[in-house]
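To start, the structure itself, in structure tokens.
The values are calculated or read from the model by the stated rules, or taken from the named source; none is laboratory data. Predicted model only: the values in this text are computed from it and were never measured. Backbone-built Cβ (ideal geometry, glycine too); neighbour counts: all protein chains shown. Surface areas here come from the heavy atoms of the whole protein model, side chains and all, with no ligands, DNA or RNA. Shrake-Rupley method; radii C 1.70, N 1.55, O 1.52, S 1.80 Å.
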Amino acid sequence: MSTTARPEGAAGMHQELRLVDAAAFSVGLIGPVGAIALLGTGAAGIIGRGVTLSFIFAVIGVALVAYAFVRLSQHITHTGSVYALVGVTLGPRAGFFAGWALFGAYTAIGCGSTIEIGLFGTQFLGDTGIAHVSEYVWLALAGLGIVFALAFNEIRIITRTLLASELLGVILVTILSLVTLATLIFSHGPQGQTFNAHFLQLPAGAGIGTVASAAVYGFLAFAGFEGAAALGEETSEPKRDIPRAIRVAVIVVGVFYLLTAMAQSLGYGTSAAEVKAYQNGFPFGDLGKAYIGSVYADVLILMALVSLLAISLSTASGAARILYALNRDAGGAGRGLAVLSRHGQPARALVVVLALIAAGVIGQRIVGSTVLDATFYALTLGTISLLVAYVLATVGAVKYLFLDGPPKAPTWQAAIPTLGGIFVVYTIYKNVVHVASPYSYFGWIVLIWLLIGLALVALVPGLAGRVRTGLAASSAP
């Protein structure tokens, strides 16, 4: 049985998107150029020269989890993404909880990406000699202003903008990766670096736990691959195009990440001193200058800025759709935050999300976080919350596809989402237990956020029933 969770209020959403739009939204939400511009350095701080191994681990985990989204999206279409997928498969309380986790994740990742706009904006202006900016928060808020101006347009305009910006950036970064690898294979790098297999070796004393700890940056790099599922009510053939879009996003971005991670590790070099330079560097600027030229490096940094704008725009749009869906199904369309603009956008929900992102940017600056710390703090919080939602999606997929009535997929495939859930649970564990301060507090912060969601669904009178009705009243076999 297929389920189309399309409440009455969905009539206001414009069903105009196709495969390319859905795939573009997922790719834009991932923002591969902006993500890989910095996340490799974060992974290098944990795993040293083995960054590529952590991305391989993440790619495998994401592929296993993506199976759940692909299969469920063939049966369930809704603007709430994980909220609806989990709500239909595990029940309204679990669905609301998963939606709450994903809403928090997208908002936090949007905040981190917006702060990162300030980081790369400062670097770009300084490297090109345009201006010297010492206060990143102003550039971050200027970037958020651009996101605000774009976010209320028609969704088709947004998705096509995301696709164009990311495609150009991916091409330019891929050129850098290929030039770097070719230089190392046929000659040597500027500091004598050569092509070798050491980039696939772990530092002394490291093991699978280290790989999983560093893989949080790989999972973060993929954050949003499921974004197309939030367009279930705006895509003309959702049960066909949404699953295809998710597959395309995971495969294309996965190949891009592995190539780029390998090129970055080898481009800096695999000795202890060279790994230290990677950990403290800006790969696009450093490698662009070293292997092609300073102008090319400046262009790459500019493309990273554009990609980060795309991430902020996509996460804000995704979070707003989830918030809209939660309010619509719990309280009814056309009320509260469940109001659409003339372009079919969840306008009030968008305002709330953008205000929360702005508050996060300003709040981090007030407490004195450096731009790099503020970026990683927000991104790590968002990733942990995101992984919680992924776990629920994999559990829901196993139950819905293989345990509720006749199997809806070959029985042997039950191992795929099960392994995906295990991958994600282990990654969460390695990033909340026995980690250094202040990251040791992040698991507790996410737990408090999740407990608020549990409290809402448990204590607000009739909420679970209204969510169940909102999901089921319009469900059709």
Within the stretch 236-255, restricting to residues that are crowded, with 20+ Cβ neighbours inside 10 Å and under 21 Å from S54 (Cβ atoms), the one that is modelled with the lowest pLDDT is A249
Return the residue satisfying two criteria in turn: it lies in the stretch 187-206 and is within 13 Å of L266 (Cβ to Cβ) and of a type in the set (A, V, I, L, M), and of such residues it is most open to solvent (accessible area, probe 1.4 Å).
L200
Restricting to the stretch 434-477, name every residue that is at pLDDT below 85, of a type in the set (A, V, I, L, M) and open to solvent by 70 Å² or more (accessible area, probe 1.4 Å).
A458, L459, A473
Go through (1) hydrophobic (A, V, I, L, M, F, W, C); (2) surrounded by 14 or more Cβ atoms within 10 Å (Cβ to Cβ); (3) part of a helix (DSSP H, G or I) and name the single condition A415 misses.
(2)
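Looking for something surrounded by 15 or more Cβ atoms within 10 Å (Cβ to Cβ) and at pLDDT 80 or above - is there at least one such residue anywhere in the stretch 154-165? Steps first, answer last, please.
Taking the stretch 154-165 as the starting set, the residues that turn out to be surrounded by 15 or more Cβ atoms within 10 Å (Cβ to Cβ) are 154-156, 158-163, 165.
In the following step, the residues that additionally are at pLDDT 80 or above were identified as none.
No, the conditions are met nowhere in the stretch 154-165.
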What are the pairs, 6+ residues apart or on separate chains, where a residue within the stretch 171-190 that is over 16 Å from A297 (Cβ atoms) has its Cβ under 9 Å from a residue that is modelled with pLDDT under 95 and open to solvent by 80 Å² or more (accessible area, probe 1.4 Å)?
L181/F195; L184/F195; I185/F195; F186/F195; H188/F195
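Checking the condition under 23 Å from the mean Cα position of the chain (by Cα) and either within 18 Å of G87 (Cα to Cα) or among the hydrophobic types (A, V, I, L, M, F, W, C) (or both), which residue from A397, A338, A409 passes?
On the way: A338 fails: under 23 Å from the mean Cα position of the chain (by Cα); A409 fails: under 23 Å from the mean Cα position of the chain (by Cα).
Exactly one of A397, A338, A409 is under 23 Å from the mean Cα position of the chain (by Cα) and either within 18 Å of G87 (Cα to Cα) or among the hydrophobic types (A, V, I, L, M, F, W, C) (or both), namely A397.
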Could we say that L184 is aliphatic (A, V, I, L, M), open to solvent by 40 Å² or more (accessible area, probe 1.4 Å), at pLDDT 90 or above and farther than 29 Å from G360 by Cβ here?
no
